[in-house]
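Enquirer: Just passing along the structure, written as structure tokens.
A short reminder: the numbers here are calculations on the coordinates, not readings from a lab. Worth saying up front: this structure is predicted, and the values here are computed from it rather than measured. Cβ sites come from the backbone with ideal geometry, for glycine too, and all protein chains shown count toward neighbours.
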Amino acid sequence: MENAMQLYSRRAILAGFSALALPLPVIAADRPLRIVFPFAPGGSGDSIARLFAEQLHIRLGKVAIVENLAGAGGRIGAQAVKNAAPGEETVLFASASQFTLQPHLFRSLGYDAERDFVPLSQVMTVDLALAVSGKLPIHSAQELIDWMKANPAQAVYGSPGAGTAPHFICGEFGRITGLNLRHTPYKGTPAALPDVLAGRVPMYMAFVSELLEQHGGGGIRIIATAATARSSFLPQTATLKESGIDIDASGWFAFYAPAHSSRQFVERLGKEIIAIGSDPEMRAKIHAMGCEPTGTTSDELKHIQRADLDRWGPIVRASGFPIED
């Protein structure tokens, strides 16, 4: 009997050690994955965040939700992810400007773009477009400049938010062309479109993907794009450089985790995001929304972010753009 008891005890102890040795779940199935998109719903970035949420739900076997925390050019959402409780499973679907441009525009972002986040994957790039209301007799960048000089009271431009790339680029457009432009920030392009369509805001810049539908319908007119090369979605539309305005800019979107996230969580989620972004069907959906699918590794995104951050610094300093608190 004693031998039997000793054998049972040894088995119980071994079973206990075996249980302790089992790997803990990398991503808890009973805890939702929260994807913070720091802009208003309705645009292409929001739609693509939701496509990834659907696939992450399937691949991880858990709820994945997109939460829109708009405001301050995306800084409110970024701050929320940085400050997420360690037990939460939260990631940021960020635009390039939050990590490469805004550090040069604001003395205090409320986060450190490099120390407070871990890059997971860049999933797409997107061109920036300069547009006017279809009601205006403007078909080129030069015609826009001439029209605004003739109508200085209406020299107003809109952007998806203060501190976004379109905000800065339009400011540069005004500086280079000698226009005294006044800025009207919105909480995302969906909020701005009624004023742009009506002509109340004659000049607007946003991602090509957000403006293609209205451009095709004639409600607005895209008169230039901002990258070095013409957009594959608008091959007949000149770039700003081709129009004689020395501006070269484009955008991208990427996933980031808070810096305090576990290594296992970062590795598993990054692997799944890259796999989803590599799927031909997903890439076709991204392209259909006016964006170019990419799908980088964490290290590749880190290098892209650093290169863009270094590139924007001297441009912002040379521009004289006012640095805000």
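Enquirer: Among Gly77, Gly216, Gly313, which one moves the most in a GNM of the chain with springs linking Cα atoms closer than 10 Å?
Expert: Gly216
Enquirer: For Lys135, list the lysines whose Cα falls under 23 Å from its own Cα; do not include residues on the same chain fewer than 8 positions away.
Expert: Leaving aside lysines fewer than 8 places away in the same chain, those within reach of Lys135 are Lys149.
Enquirer: Can you tell me the length gained on complete extension of the stretch Gln236 to Ser262, counting 0.36 nm per residue apart and subtracting the Cα distance?
Expert: So the extension gain works out to 4.6 nm.
Enquirer: Provide the net charge surrounding Arg230, with neighbours chosen by a C-beta distance below 15 Å and charges set as Lys +1, Arg +1, Asp -1, Glu -1.
Expert: Result for the local shell: -3.
Enquirer: Over the chain, what relative contact order in percent results from Cα pairs under 8 Å that are six or more residues apart?
Expert: Dividing the mean separation by the residue count of the chain yields 25 percent.
Enquirer: Using 7 Å Cα-to-Cβ label points, what is the Lys135/Glu54 separation (nm, one decimal)?
Expert: Once both label points are built, they end up 3.6 nm from each other.
Enquirer: Less than 13 Å Cβ to Cβ from Gly158, Lys/Arg counted +1 and Asp/Glu -1: what total charge do the surrounding residues give?
Expert: So the environment of Gly158 carries a net charge of +1.
Enquirer: From the phi angles alone, apply the Karplus equation (6.51, -1.76, 1.60; θ = phi - 60°) to the stretch 159-168 and give each ³J(HN,Hα) in whole Hz, x where the residue is Gly or Pro.
Expert: 9, x, x, 5, x, 7, 4, x, 4, 5
Enquirer: Going by average Cβ neighbours within 10 Å, how do the peptides 270-276, 231-237, 250-256 rank, with the highest at the top? Provide the component values of the computation, followed by the final result.
Expert: Numbers: 270-276: 18.7, 231-237: 15.4, 250-256: 24.1.
With the highest mean Cβ count within 10 Å placed first, the list reads 250-256, 270-276, 231-237.
Enquirer: Assign unit charges at the C-beta atoms only (+1 for Lys and Arg, -1 for Asp and Glu), then state the dipole size of the stretch 188-325 relative to its Cα centre in Debye, rounded to the nearest 20.
Expert: 60
Enquirer: Whole-Hz ³J(HN,Hα) for each residue in the stretch 71-87, computed from phi via Karplus 6.51 cos²θ - 1.76 cosθ + 1.60 with θ = phi - 60°, x for glycine and proline: what do you get?
Expert: x, 6, x, x, 6, 5, x, 5, 5, 5, 6, 4, 8, 4, 4, x, x
Enquirer: While we're on this one: First check a/c for the stretch 197-325, with a ≥ b ≥ c the square roots of the eigenvalues of its C-alpha gyration tensor; if it is under 1.5, answer rounded, and if not, answer prolate when a/b is larger than b/c or oblate otherwise. Walk me through the numbers before you get to the answer.
Expert: Values: a/c = 2.16, a/b = 1.36, b/c = 1.59.
In terms of gyration-tensor shape, oblate.
Enquirer: How far is it, in nm, from the label point at Leu181 to the one at Ala307 when both lie 7 Å from their Cα along the line to the Cβ?
Expert: Placing both labels 7 Å beyond Cα along the Cβ direction yields 2.7 nm.
Enquirer: Relative contact order of the stretch 206-325, please, whole-number percent, based on alpha carbon pairs below 8 angstrom and at least 6 residues apart.
Expert: 17
Enquirer: Between Ser243, Ser159, Ser133, find the one with the highest GNM mean-square fluctuation for the chain; connect C-alpha pairs within less than 10 Å.
Expert: Fluctuation is largest for Ser243.
Enquirer: Using helices alone, what [θ] at 222 nm do you get for the chain, with -39,500 (n - 2.57) per DSSP H run of 4 or more residues, divided over all residues and rounded to the nearest 500? Numbers along the way, then the final one.
Expert: Details: 12 runs with 144 residues, N = 325.
Theoretical 222 nm ellipticity from helices: -14000 deg cm²/dmol.
Enquirer: Still on this model: Mind jotting down the distance between the C-alpha centroids of the stretch 155-227 and the stretch 125-147, whole Å?
Expert: With the stretch 125-147 and the stretch 155-227 each reduced to a Cα centre, they are spaced 9 Å.
Enquirer: Using a Gaussian network for the chain with springs between C-alpha atoms less than 10 Å apart, which of these wobbles most: Pro166, Pro202, Pro137?
Expert: Pro137
Enquirer: So how strong a dipole does the stretch 114-171 carry about its Cα centre when Lys and Arg Cβ are +1 and Asp and Glu Cβ are -1, to the nearest 20 debye?
Expert: 160
Enquirer: Can you give the local net charge around Ser209? Use residues other than it whose beta-carbon is closer than 13 angstrom to its beta-carbon, Lys and Arg +1, Asp and Glu -1. Write out the running numbers ahead of the final one.
Expert: Working: positive: Lys285; negative: Asp46, Asp127, Glu210, Glu213, Glu292.
Around Ser209, the charge tally is -4.
Enquirer: Got the relative contact order for the stretch 127-225 handy, in percent, Cα pairs under 8 Å and 6 or more residues apart?
Expert: Values: 174 pairs, mean separation 47.9, N = 99.
About 48 percent, as a whole number.
Enquirer: While we're on this one: Using modelled backbone amide H atoms (1.01 Å from N, in-plane), which distant-in-sequence or interchain residues come within less than 5 Å of Val118's amide H?
Expert: Answer set, sorted by chain and number: Ala257, Ala259.
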